[in-house]
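Here is the structure we will look at, set down as structure tokens.
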Amino acid sequence: MTITLFKDGFLFTEKGTFQKGDLLIEGDHVSRAFYNGSPPVPDTLKPRNIVDLKNRYLIPGFIDAHIHLRSLALKSLRCDLGDAGSADDVLRLMSEWAGSHDDRFVVGVDWDESRWPERRYPTRDMLDSIERERPVFARRICGHIGVVNTPFAKLLEAEGVTPDSATGLIEEHDVWVAGRLSSPDETLISNSFDGAIAALHRLGITGIHDIIEPNQFDVYLKGIAESGRRLRIAGLVCTDPKKLDQYREDSKAMDRSYFNIEGIKVFLDGSIGGWTAALNEPYADSPRMDSLLVPEERLARLLRECRDRGYMCAAHAIGDRAVRAVLRQMVDYPKNTRLFRIEHAEIVGAEELDLLRRAPVYAVMQPNFIRNWGGPGGLYEERLGRERAKLCNRFRSFLEAGVRYCFSSDGMPPGPLYGMKGATHHPTPEERIPPGEALLRYTVAARAFQNGRWGQGVFEEGSRADVVVLSGNPLETDTDAVSVLKTYVGGECVYDAKKPEGND
């Protein structure tokens, strides 16, 4: 068993502060933290590895509690539109990609019109100008909206999906159908997971709660296994609880220290950017309010079946109408029920906050969203109006109400240090939380779902040896100026900034 000593650094504490200290790891578990030299590290200890922190900062590994690993992997096989500054940029980037790739489909991902001067979607005619023979599909960053060209529209119509005849727009389930039809070769998909996991390591992410699509589950498992990189994964499959036993059976060969199927994911609504989040009142820039994607009777059945089978149920609810609907179904369960999650909970009014306080539920939030789309002139204000936008991502209100919650990214973009700034610099000052609290939400709070399998507390004895070395103090320094120097999973260094070529 390898013994590693991290010495002469600053260790994160459960109080959300840093203290001078050393950390001892034995094998893949934390043995002991020595804070402020009390007690001192025993002289008899003979660690095989000594990591001199040189007054750097050591934290438990980041957990991204809501991400889509497969989508992150597939991004390397598609045209990345994240930096597009206009619809014309989308046209240019996808045209260049189409000219250099002979794939059957031309697929672009992650455009975000809310950052463009003209704030208009790409159109069917634009995509037709790229290709009139090959199918072309451009998916919005939220994953709930997309646009297709004429050849792709014909493929969708054969599947019973009818895109808007004028714009080529598709929404919600139809976007998933388009993604399934345009899925790359299985070998390419499985090979792409290695780079995606390496990218997470560079961000200091040692564990994820992954939203897993039910199609190509065998390819998903193959990609993770063949990568060989260590990453703890708690899987939530978009399926019915009655089918979950089969997914657990299919994944039984995976190392349970690193991979477990925890439960299901169900979508109650869509996204604010696509006007598909279900609201109690119409959007400020549209008469739409949108309805729930799942009838409340079916939601009640799903919650009951998950409770009876011991599965987690993660309910995607962004708009206040969707948040209220799911919480009304959860609130009467015993407070010690630890199986229910609400994903996003972006728009929360007084009634929803009271239900959150009383319901046995964890909220999984994304502070990167408020950084991306909050503030004057941002997407939230455009879609909801200035006053209602203040009800978005209410981190301080949740904290004061005693709501249990943790942080994640939904992959937009992944990166806890990026997301922390959204929580500490919320455009509504009353909703800001201290940086130490934000860091706890990305580490300790996110581990609470695993019933101790990934460890509890901060550097608690017996916890998994998943740690990250930071270049600076994220509680006192602009997190944009803090970088990940090293990432360890199970006591093994999986990323070293000084040896980038050895990590990829």
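The values are calculated or read from the model by the stated rules, or taken from the named source; none is laboratory data. Here the structure is a predicted model, which means the values were calculated and not measured. Note: ideal-geometry Cβ built from the backbone for every residue, glycine included; neighbour counts use all protein chains shown.
Highlighted here are the helices (runs of 4 or more DSSP H) found entirely within the range 145-255 that include at least 3 residues which are outside the structural domain of D128 (by TED's automatic domain parsing) and either among the hydroxyl-bearing types (S, T, Y) or surrounded by fewer than 17 Cβ atoms within 10 Å (Cβ to Cβ) (or both): 186-202, 217-227, 244-250.
Answer yes or no as to whether S291 is under 25 Å from the mean Cα position of the chain (by Cα) and assigned to a loop (DSSP other than H, G, I, E, B). Yes.
Applying the condition of being in contact with a Leu (Cβ under 6 Å, 6 or more places away or on another chain) and closer than 20 Å to L440 by Cα to the range 24-60 and asking which residue is surrounded by the fewest Cβ atoms within 10 Å (Cβ to Cβ) yields R32. Among residues of the range 109-137 that are closer than 13 Å to G378 by Cα, those with a beta-carbon under 7 Å from a residue that is in a loop (DSSP other than H, G, I, E, B) and not aromatic (F, W, Y) at least six positions away or on a different chain give the pairs D112/I141; E113/R119; E113/R120; S114/G273; W116/G85; W116/S86; P117/S86. Screening G21, G16, G85, G27 for residues that are touching a helix residue (DSSP H, G or I) at 6+ places or on another chain (Cβ under 9 Å), farther than 29 Å from V147 by Cα and among the small types (G, A, S) leaves exactly one candidate, G16.
Listed by position, the helices (runs of 4 or more DSSP H) enclosed by the range 325-437 that each have at least 1 residues that are of a type in the set (A, V, I, L, M, F, W, C) and touching a residue at least 40 places away in the same chain (Cβ under 8 Å) are 350-358, 367-373, 379-384, 395-401, 416-424.
Scanning the range 380-402 for residues that are buried (at least 23 other Cβ atoms within 10 Å of the Cβ) and in contact with a helix residue (DSSP H, G or I) (Cβ under 7 Å, 6 or more places away or on another chain) yields Y380, A389, C392, N393, R394, F395. Scanning the range 113-139 for residues that are among the charged types (D, E, K, R) and in contact with a helix residue (DSSP H, G or I) (Cβ under 8 Å, 6 or more places away or on another chain) turns up E113, E118, R119, R120, R124, D128, E131, R132, E133, R134, R139. State the number of residues belonging to the range 464-494 that are under 20 Å from R48 (Cβ atoms) and either part of a loop (DSSP other than H, G, I, E, B) or touching a strand residue (DSSP E or B) at 6+ places or on another chain (Cβ under 8 Å) (or both). Total meeting the criteria: 13.
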